[in-house]
Amino acid sequence: ASQFRMIIGTDENEEITTKFPMVPTECAAKTGDVLTFDFHREIHYIQKNEGISNKDFRIVLKVHHCVYPKWATPFGLLLGWLSTRYNMAFRSLFLYTINPNSLWERFSAFNVVFWTVVVEQLEAKLGYSNIGYLLTLGLMGYFIDYKIFLIGTSFVHYLRYINTYYHREGCAYGNFKRDALIYKTLALTQLAFWYTHSVTKGFTDIQNHGIGIVDAAMVVGGYALSAYTTAQLGVDGTYFGIELGFVKATKNYVQKFPYGVIPHPMILSQCVAMCGFYKHEAFRAAWPYLVPAHVCLYLTHMVQEHFDIYAAKYSQKNIKAA
């Protein structure tokens, strides 16, 4: 279920812009403009446009509505009721603290601003859906089997790559980059931890790790090359900024090494690095399927990129054929 807010422009406003940083997009809503967004999930704020003043007061109509499937009617009704009470209570608190005079009013105003920033930063940096998902997996991993957490967090970023690259339309780009970085970090951290744990016999024999020169060269060289290619593309270029329309450049705008020499160097270099982990017998025996799963999913996405497989491309072909 989702609680939506509609902002309906009713005047010729140009002074105040509503911004959605995680999409990212913005709009100074005026007559004929309607902005609709998930009230509890999408970060939004208003900002004054410097040097521009409206001739009269800014007037917008804010309409809230709750959307839910029929089977979730009780929850949808509860969400709608809670959202209404929250909105009324917070609006009252905002008006109460807008011009604080007493010590209590200043304390209340500080808390309004402080907790607004905390809530916004948690969503921007982690995401409440991710927090709930990770807490659930963490509890299941702790009480049932750690592998539930490992599997549930190691491959999410590949699925996000494949899904986002394929669908493209309506992508909240900030959310996508945030999720990709979170789950890739979790995946690589666990991979490195269990590799070290395996080759040192549970951290009890650090000196006799048995890591060969070739193993180390594959890991260090692979991730070093991957980091170098990321620096060349930039974060937005790395995370489909061109394909999604957020980076104004041609698809092959970087021609420096390793581009033009090694095909798909970012993906292949990371696959080489993970195979360097897998080369160690102790790690391979302890986690026989972990690296192959990583590599298979990454190569699946590489094939998708190589042949440029995405939904709109095939829709356009079908339209032309018709």
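The values are calculated or read from the model by the stated rules, or taken from the named source; none is laboratory data. This structure is a prediction, so every number in the text was calculated from the model and none was measured. Methodologically, a virtual Cβ is constructed for each residue, glycine included, from the backbone with ideal geometry; neighbour enumeration extends over all protein chains shown. The accessibility values were calculated without ligands, DNA or RNA, using every heavy atom of the protein model including side chains. Shrake-Rupley method; radii C 1.70, N 1.55, O 1.52, S 1.80 Å.
Candidates in region 278-313 are the residues that are under 24 Å from Tyr146 (Cα atoms) and β-branched (Val, Ile, Thr); of these, the one that is least open to solvent (accessible area, probe 1.4 Å) is Val291.
Return the residues of region 254-271 that are β-branched (Val, Ile, Thr), open to solvent by 40 Å² or more (accessible area, probe 1.4 Å) and over 14 Å from Met302 (Cα atoms); say none if nothing qualifies.
Residues of region 254-271 β-branched (Val, Ile, Thr): 254, 261-262, 267.
Those left that are additionally open to solvent by 40 Å² or more (accessible area, probe 1.4 Å): 261-262.
Residue satisfying the conditions is Val261 alone.
Among the residues of region 308-322, count how many are over 25 Å from the mean Cα position of the chain (by Cα) and either modelled with pLDDT of 90 or more or closer than 17 Å to Arg168 by Cβ (or both).
6
Residues checked against (1) surrounded by 13 or more Cβ atoms within 10 Å (Cβ to Cβ); (2) modelled with pLDDT under 95; (3) more than 26 Å from Glu26 (Cα to Cα); (4) in contact with a strand residue (DSSP E or B) (Cβ under 7 Å, 6 or more places away or on another chain):
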{"position": "His157", "(1), (2), (3), (4)": "yes, no, yes, no"}
{"position": "Ile162", "(1), (2), (3), (4)": "yes, no, yes, no"}
{"position": "Cys171", "(1), (2), (3), (4)": "yes, yes, no, no"}
{"position": "Leu188", "(1), (2), (3), (4)": "yes, no, yes, no"}
{"position": "Asp205", "(1), (2), (3), (4)": "no, yes, yes, no"}
{"position": "Val220", "(1), (2), (3), (4)": "no, no, yes, no"}
{"position": "Ser226", "(1), (2), (3), (4)": "yes, no, yes, no"}
{"position": "Gly237", "(1), (2), (3), (4)": "yes, yes, no, no"}
{"position": "Asn252", "(1), (2), (3), (4)": "no, yes, yes, no"}
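Within region 125-137, residues that are over 20 Å from Met22 (Cα atoms) reach partners that are open to solvent by less than 70 Å² (accessible area, probe 1.4 Å) with beta carbons closer than 8 Å, at six or more positions or on different chains, in the pairs Leu134/Thr153; Leu137/Ile148; Leu137/Phe149; Leu137/Gly152; Leu137/Thr153.
For the structure I just gave you, tell me whether Val67 is among the β-branched types (Val, Ile, Thr) and in contact (Cβ under 8 Å) with a residue 40 or more places away in the chain.
Answer is yes for this residue.
When residues in region 142-155 are screened for being open to solvent by 20 Å² or more (accessible area, probe 1.4 Å) and either in a helix (DSSP H, G or I) or in contact (Cβ under 8 Å) with a residue 60 or more places away in the chain (or both), 8 of them pass. Only one residue in Tyr146, Tyr166, Tyr173, Tyr161 is in contact with a Pro (Cβ under 7 Å, 6 or more places away or on another chain) and of a type in the set (Ser, Thr, Tyr), so which one is that? Selected residue: Tyr173, the only one of Tyr146, Tyr166, Tyr173, Tyr161 that is in contact with a Pro (Cβ under 7 Å, 6 or more places away or on another chain) and of a type in the set (Ser, Thr, Tyr). With respect to Lys125, is the statement that it is exposed (fewer than 12 other Cβ atoms within 10 Å of the Cβ), at pLDDT 95 or above and under 30 Å from Ile242 (Cβ atoms) true? Yes: the conditions hold for Lys125. Yes or no: Tyr96 modelled with pLDDT under 95, out of contact with any Cys (no Cβ under 6 Å at 6 or more places or on another chain) and closer than 23 Å to Ile131 by Cα? The answer is no for Tyr96. Scanning region 169-179 for residues that are within 18 Å of Leu122 (Cβ to Cβ), assigned to a helix (DSSP H, G or I) and not acidic (Asp, Glu) yields a count of 5. Checking the stated criteria, Leu139 turns out not to satisfy the condition of being aliphatic (A, V, I, L, M), closer than 21 Å to Tyr310 by Cβ, open to solvent by 30 Å² or more (accessible area, probe 1.4 Å) and assigned to a helix (DSSP H, G or I). Looking at this structure, is Ala231 open to solvent by 60 Å² or more (accessible area, probe 1.4 Å), closer than 23 Å to Arg160 by Cβ and within 26 Å of the chain's Cα centre (by Cα)? Yes, satisfied.
So which of Arg41, Arg58, Arg91 ends up being basic (Lys, Arg) and in contact with a helix residue (DSSP H, G or I) (Cβ under 8 Å, 6 or more places away or on another chain)?
When all the criteria are applied, what remains is Arg41.
Only one of the numbered conditions (1) closer than 22 Å to Gly221 by Cβ; (2) over 28 Å from the mean Cα position of the chain (by Cα); (3) in contact (Cβ under 8 Å) with a residue 12 or more places away in the chain is not met by Ala286, and that is (1).
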